[in-house]
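There's a structure below that I have some questions on.
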Amino acid sequence: MGSYKITLAYDGTDFVGWQRQTSGVSIQGLLEDVLARLDQRQVNVAGAGRTDAGVHALGQVASFSLERSIGCDALVRSLNSTLPESVRVVTADVVPDAFHARFGASRKTYRYRIWNAPVLSPFERAFAWHVFDSLDRHAMTAAASLIEGRHDFAAFKAASGTTRSTEREVFSSSITAGSEGPHDRCREGLEARQPALISYEISGDGFLRHMVRNIAGTLVEIGRGHRPIEWMREVLAGRDRTLAGPTAPSHGLVLVAVEYHDSLLAGGR
């Protein structure tokens, strides 16, 4: 018997999210079904982040135990030979039996992608929020930095969220802009004055449901000039979801990476 940690990348467009549900296809459900056939028994898979429907991942982490012995490379090949092409296992590692992908995570990083141009590139339609109004990126950058540190993020939780504690620590919160390829020129005119892609990246010790999408929606309101930079601080202090901006669409969000302390990973057989 062995315990494993795998890192996954997936296009979340066609899935109901990470978590298995009564209807629809989930990433967790796909993995558990494949592993059940591999191990000839029910296998419970824990994910580091419960990404919602339409949310993507570059570095989702999952953990589980198997009765049979299988090498990590063979496990990656076996899973990828059965999973749909929109879901890929990137790496697999043996970990201590006590390792848990969700509860052991020390740092998570998300990226929210915004396509800020009159015309949306067809290559980005499933991976970025199309905002055609001109955005003040300097104002968004200044506002993003105001949420760094430990705060109560109740104003950015899901409206139906029932999390007991809404306090989290944000290690970094920043805006970047730049081209990601030739399709970045799919805009009004061939010569663009500024890159169309705006990426909001945030790292923290944990996140409330919809927290990143609600922060992204608030930043866009500031970028549009509808609100001043200091509004971000006021929303945070108000602890009221109705004070913040709209929830940004799910398809712009990517779970980039999940990190763990080395002590949790040491000692895997």
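Just so you know, all these numbers are worked out from the coordinates, no wet-lab data involved. These numbers were taken from a predicted model, which means no experiment stands behind them. Methodologically, a virtual Cβ is constructed for each residue, glycine included, from the backbone with ideal geometry; neighbour enumeration extends over all protein chains shown.
Given the -39500 (n - 2.57) contribution per DSSP H run of 4+ residues, what per-residue ellipticity at 222 nm results for the chain, rounded to the nearest 500 deg cm²/dmol?
Per the formula, -6500 deg cm²/dmol.
At a 10 Å Cβ-Cβ cut-off, how would you order GLU124, GLU201, GLU230, fewest neighbours first?
With the fewest neighbours first, GLU124, GLU201, GLU230 line up as GLU230, GLU201, GLU124.
Tell me, what ³J(HN,Hα) does each residue in segment 218-225 have, in order and in whole Hz, if you take phi through Karplus 6.51 cos²θ - 1.76 cosθ + 1.60 with θ = phi - 60° and put x for Gly and Pro?
Coupling constants for segment 218-225: 5, 5, 5, 4, 5, x, 6, x Hz.
Given N residues in the chain, what is Rg(Cα) / (2.2 N^0.38 Å)?
It is 1.07.
Taking R0 as 30 Å, what's the FRET efficiency between ALA126 and ALA159 from their Cβ-Cβ distance, rounded to 0.05? Numbers along the way, then the final one.
Numbers: r = 25 Å, r/R0 = 0.84.
In this case the efficiency is close to 0.75.
I would also like to ask the following. Extension gain ASP136-SER172, at 0.36 nm per residue separation less the Cα-Cα distance, in nm? Could the numbers behind the result be given before it?
Details: separation 36, 0.36 × 36 = 12.96 nm, distance 2.00 nm.
Length gained between ASP136 and SER172: 11.0 nm.
Multiplying the sequence separation of PHE103 and GLU85 by 0.36 nm and subtracting their Cα-Cα distance, what value in nm do you get?
Separation in residues times 0.36 nm, less the Cα-Cα distance, equals 3.6 nm.
Among ARG239, ARG164, ARG224, determine the one that fluctuates most according to a GNM of the chain built with springs between C-alpha atoms less than 10 Å apart.
ARG164
Could you list which residues have their amide H under 5 Å from that of GLY245, counting only those 5 or more apart in sequence or on another chain, with H placed in the peptide plane?
Counting only residues 5 or more places away or on other chains, the set is THR218.
Rounded to whole Hz and in sequence order, give me ³J(HN,Hα) for segment 52-67 from the Karplus expression 6.51 cos²θ - 1.76 cosθ + 1.60, θ = phi - 60°, writing x for Gly and Pro.
Taking θ as phi minus 60°, the curve returns 7, 4, x, 7, 9, 8, 9, x, 5, 10, 9, 9, 6, 10, 10, 6 Hz for segment 52-67.
Could you work out how far helix 72-82 tilts from the main Cα principal axis of the chain, as a 0 to 90 degree angle to the nearest 10?
Tilt of helix 72-82: around 70 degrees.
Express in nm, to one decimal, how much length is gained between ALA266 and THR22 on full extension, taking 0.36 nm for each residue of separation and deducting their alpha carbon distance.
Once the chain is fully extended between ALA266 and THR22, it gains 84.2 nm.
For the chain, modelled as a GNM with alpha-carbon contacts under 10 angstrom, which of ARG209, ARG125, ARG241 fluctuates the most?
ARG125
Continuing with this model, one more query. Given a 10 angstrom Cα cut-off, can you work out which residue in THR82, THR22, THR242 is the most mobile in a GNM of the chain?
Greatest mean-square fluctuation among the candidates belongs to THR22.
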